[in-house]
Amino acid sequence: MICLRGGKLIDPLNHRDGVVDDIWIQDGRIVAAPENVDHADAIDASSWLVTPGGIEIHSHIVGTQMATARSFSLEENTTSPRLLMTPAEINRAYLKMGYTTVFDAAMSPLMSRIAHTDLDRMMGLDRGAYTLVSDQSCVLKAIKNKNSEELKHTLAWLLECTRGYALKLVNPGVGLTWRALSAIGSLDDPLADTQLTQREIILALAEAAQSMGLPHPIHLHASNLGQPGNWKSFCQTVKALEGLPAHFCHIQFYCYGKDDKGRMRSAAEEVVEIISDNPKLTFDAGEIVFGPAMAMTCDLQLIEWLHRMGSGKWTGRLLEGEGGMGLLPLQYAKKDPSSAVQWATGLELLLRFPDPERLFLTTDYPNGGPFTDYPRIIAWLMDAELRQRMLAQVHPAARTRCGLEKIEREYSLFEVVQMTSAGPAKALGLQDRGHLGIGAQADIRCYQPQSDKEAMFSNPVLVIKGGDIAIREGEYYSRDNGRLLAVQPAWDRERLPAIQRQLQESTSLDPRFYGLSDKHQIPNLEIIPCK
Amino acid sequence: MNERRERSVACAFCSCCCTDLELVYQDRCIKSVKPACSIAGREFSAGESDPPSLKRGGVVISGQKGLQTICAELRAAKLPLILIGGGISLESQRSAVLLAKKLGACADTPASCQSLAFARAFAESGIPMLTLGELRDRVDTVVFWNTDQNQIHPRFWERFIGVNRPPRIISVNFEIPEQIPDSCLHISLDMQQMLAHLIQLRLVLRNETQQVSPVLREMLATLRDAHCGCMIFGESLLESGYGVLFEAFRFIQELNDIDKGRWFGLMLDGEVNSAAAADVLSLETGYPAAVRFIKDEAEFSTTEWSAKRLIQRGETDLVLQVGQIDARIQKEIENHITNYTGKMKYMVLDSKTPLIQPSTWLPVRRFGLDEGGTAMRMDGLPIPIQPVQESRKIGLAEALTRLIEGVEP
Ligand code: SF4
């Protein structure tokens, strides 16, 4: 038994903001204070802030795309700190920052075995991955057949055979249209091959996720990412959901308008006005940080657009029976007007949005930069003066084409914990994480209060994962007690031969080899129940 | 006699990794394999035989005794080098990296044998790729550059080319197999001039010159007509160095940039998981080849820690080869052994008889026959491989696990 004594608790889900109390830990969980204690390891937390462990809702950390990205950056990636880390480095870097649960943003079913090999190297963390479904041939066939039962069973099979946590949609249909040498125009354009529209795909999958009772709703990368003027199509996609729950990822990249000269400007204010009223929607920011980054996405249309805009070399892979993936190195520079607008737009979005339990901190790693820069972003959110100093260093477009300069709001510690822990836990349906209540998993990060918030959030004095000390004063203790989080909705196994027949039409594999095979062993698997 | 059939068996004897084989067993022995290609037929029916003795001396050791010998030598070595080869599972390759880490040793992969030419060309240019199912279903024009896929991938053609509708074929420098339609455009190019040819093709494509041989002009016209094309690179092109590879990759990129069609590239890997060794090392260390572990951290240097340099300079006192390695490195080892007999120990953990004489060889189970694990298909698809017969030999994965435990200080 461990007792964290007398810390100042920042625990939004239990409405505790600075309450001084003890936290008792036994068998990996937070427990009530015992009446009689034979023995407890007491840790003096009286000068610390005690908060639940951080939860990463959207980061590209595993899979073939990471392996290819490392080879693609052979020279750049040899300098330290490197952008494209190995799984072991990612494991350690998240824990060092106080994050205890992480989710990979896009796992290809065809390549899921590689993703899981990587996830198996991150044993210090609770971790999971979202299964890509929006271009998967069997899924699109079921949507085309307008057969919602067939669709649900197909999705459940896919989640099970990939050990996925949620349904990931990436610019739905983009793999098909890109192959067919066309592009997605609007939500209602018929897409190549299937003649389905994006609206139909998104609605069908959002309804399916809801009726399957998945703990996390559809996780959606919308269309037109990065393009000036895209805020309108983004808001149309939000409205298209007709009140269904969804999580929209890296939305900074959709908050762009055009100024009277046609240049990119922030449309964060317009977007916030449309999205803040819908309580069933959650978002993550996808803020950028200055320095090297890598576009890593299944949105091949986006990669091609970036390449044609002059962003240089790219690589990618078309995947049979589903979409594809692409990579393109990026550099966000302070003196580059587009980078400056993107940086300011992300902060403006986070500062204008009223509810930190619905908009979370991410950099869409590695797309917006390294996740290890979260402490720097938090510092900007907590300190208006620091923001102004940074604004003075970057291209003037960040002031003239964005609303950031005039915003005075500063995040409180409570709001930072909402944004990095409580909110993501709720959005992911992880009831025993993201808080410090009795019964919660003992995932805890403690900070020594400092005026330098970047330093404070970079170096928690203590990180506890599943009841064990993982980090103490910067020292990493490898415990390997993390779990693989997955869902397992029920499905009719009698349908398997029909699914496999369909699969055979679009893949060159015997269907038994698709996804993870039955014999694949996952250490420490935890099934999160469906509602 | 008991006859039993096993369907949907995956094959790891070349990097096509076919998943549609049927094995027929009589009692516990594999009697036949369908659809049999020359390689699968031979490998699956190899059965378990006692390891042949080495032709020119060396020691063949087995089981526990063998592990103890290797372990003792590894512990005693000052700067051991672990050479991670192909023909073994990804899991075994990973264990070989972990062994190097535990020892504070150097680790290298076949990628460095070509001075990282492919890796450097890929990193500088990038190349769009595709999986074999896309090649089968979507591609309308295929260029085979110096490939001999019938020899090393006997079922490649039957499974992935023109299954539904025949694509246009251009073959550069290889014998046309019977299956190829008459309409195939066959081109012979001098390998010594390959760099010049590729530069020429790029110049014409970009409209910067019109001076080009009729055959290259015809080739280019066919390429520009494609909706979806794929260039398939054989091992000899992959070995022709950075310059040729870079030009070839840029050519693909420019076809995409200038024309309306989509073009992709595919590397034909010979031995299964040979190219994957670099990915595995990179997964563990961030680097594809030539690393040395110092206090658990990997240091990368092709000038300091590549197998070739370490062996040439006589800096390593023990080479442990895990799996099959590149002929060029074999040559370096052989030279070294000839010139400096006794200074460097050369030990092998593999199922196949080493081509040159090691000081010690521990024969292990054959991946794809009596050892399972993951195989990486040539397009990057991971395929789980199950063992199809029993064996008395030690498995490579198990041997490496025991070595990792055994070298613990
Ligand atoms: S082509 Fe290769 S993978 Fe396919 S059966 Fe023959 S040896 Fe095995």
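The table below lists the values:
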read-out: Which listed residue, of B:LEU318, B:LEU283, is crowded, with 19+ Cβ neighbours inside 10 Å and within 12 Å of another protein chain (Cβ to nearest Cβ); value: B:LEU283
read-out: Number of the exception - A:THR78 against (1) at pLDDT below 95; (2) among the hydroxyl-bearing types (Ser, Thr, Tyr); (3) under 16 Å from the mean Cα position of the chain (by Cα); value: (3)
read-out: Test: residue in region B:158-174 that is in contact with a helix residue (DSSP H, G or I) (Cβ under 9 Å, 6 or more places away or on another chain), assigned to a helix (DSSP H, G or I) and at pLDDT 75 or above; value: yes
read-out: Region B:134-155, subset out of contact with any strand residue (DSSP E or B) (no Cβ under 9 Å at 6 or more places or on another chain) and farther than 30 Å from B:LEU195 by Cβ, residue farthest from the ligand (Cβ to nearest atom); value: B:ASP137
read-out: Elements of type strands (runs of 3 or more DSSP E) contained in region A:169-282, each with 2 or more residues being under 20 Å from the mean Cα position of the chain (by Cα) and over 25 Å from A:ARG401 (Cα atoms); value: A:218-221, A:246-248
read-out: Residue within region B:200-209 that is within 16 Å of the ligand (Cβ to nearest atom) and surrounded by 16 or more Cβ atoms within 10 Å (Cβ to Cβ) present; value: no
read-out: Conditions (1) within 14 Å of chain B (Cβ to nearest Cβ); (2) surrounded by fewer than 24 Cβ atoms within 10 Å (Cβ to Cβ); (3) touching a residue at least 12 places away in the same chain (Cβ under 8 Å); number of the one not met by A:GLY323; value: (2)
read-out: Sole residue being touching a residue at least 60 places away in the same chain (Cβ under 8 Å), within 12 Å of chain B (Cβ to nearest Cβ) and either out of contact with any His (no Cβ under 9 Å at 6 or more places or on another chain) or surrounded by fewer than 19 Cβ atoms within 10 Å (Cβ to Cβ) (or both), chosen from A:LEU95, A:LEU84; value: A:LEU84
read-out: Residue list for region B:14-39, restricted to those being in contact (Cβ under 8 Å) with a residue 60 or more places away in the chain and within 11 Å of the ligand (Cβ to nearest atom); value: B:CYS14, B:SER15, B:CYS16, B:CYS17, B:CYS18, B:THR19, B:PRO35, B:CYS37, B:SER38, B:ILE39
read-out: Checklist (1) among the hydrophobic types (A, V, I, L, M, F, W, C); (2) assigned to a loop (DSSP other than H, G, I, E, B); (3) within 21 Å of A:SER266 (Cβ to Cβ) applied to A:LEU430, failing item; value: (3)
read-out: Leading residue by the ranking (farthest from the ligand (Cβ to nearest atom)) among those in region B:161-173 that are open to solvent by less than 20 Å² (accessible area, probe 1.4 Å) and under 17 Å from B:ARG138 (Cα atoms); value: B:ILE170
read-out: Qualifying position, being within 16 Å of the ligand (Cβ to nearest atom), among the acidic types (Asp, Glu) and open to solvent by 50 Å² or more (accessible area, probe 1.4 Å), among B:GLU239, B:GLU158, B:GLU218; value: B:GLU158
read-out: Search result, residues across region B:40-49 that are closer than 24 Å to B:ASN150 by Cα, in contact (Cβ under 8 Å) with a residue 24 or more places away in the chain and either more than 8 Å from the ligand (Cβ to nearest atom) or acidic (Asp, Glu) (or both); value: B:GLU43, B:PHE44, B:ALA46
read-out: Unique match (being among the charged types (D, E, K, R), surrounded by fewer than 20 Cβ atoms within 10 Å (Cβ to Cβ) and in contact with a His (Cβ under 7 Å, 6 or more places away or on another chain)) among A:ARG512, A:ARG501, A:ARG479, A:ARG495; value: A:ARG495
read-out: B:PRO128 vs. criteria of a type outside the set (A, V, I, L, M) and in contact with a Pro (Cβ under 8 Å, 6 or more places away or on another chain); value: no
read-out: Given (1) at pLDDT below 95; (2) farther than 28 Å from A:PHE72 by Cα, index of the condition A:THR237 fails; value: (1)
read-out: Index of the failed condition, A:GLU287 passing every other in (1) of a type outside the set (A, V, I, L, M); (2) over 21 Å from A:VAL394 (Cβ atoms); (3) in a loop (DSSP other than H, G, I, E, B); value: (2)
read-out: Among the candidates B:CYS71, B:CYS11, residue that is more than 10 Å from the ligand (Cβ to nearest atom), modelled with pLDDT of 90 or more and not in a strand (DSSP E or B); value: B:CYS71
read-out: Which listed residue is touching a residue at least 40 places away in the same chain (Cβ under 8 Å) and more than 14 Å from chain B (Cβ to nearest Cβ), from A:LEU155, A:LEU119, A:LEU110; value: A:LEU155
read-out: In region A:112-135, residue surrounded by the fewest Cβ atoms within 10 Å (Cβ to Cβ) [restricted to those that are assigned to a loop (DSSP other than H, G, I, E, B) and more than 18 Å from the chain's Cα centre (by Cα)]; value: A:ASP120
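The values are calculated or read from the model by the stated rules, or taken from the named source; none is laboratory data. Keep in mind that this is a model prediction, so the values were computed, not measured. Using ideal geometry, Cβ is built from the backbone for each residue, glycine included, and neighbour counts are taken over all protein chains shown. Note: areas computed on protein heavy atoms with side chains; ligands, DNA, RNA excluded. Shrake-Rupley method; radii C 1.70, N 1.55, O 1.52, S 1.80 Å.
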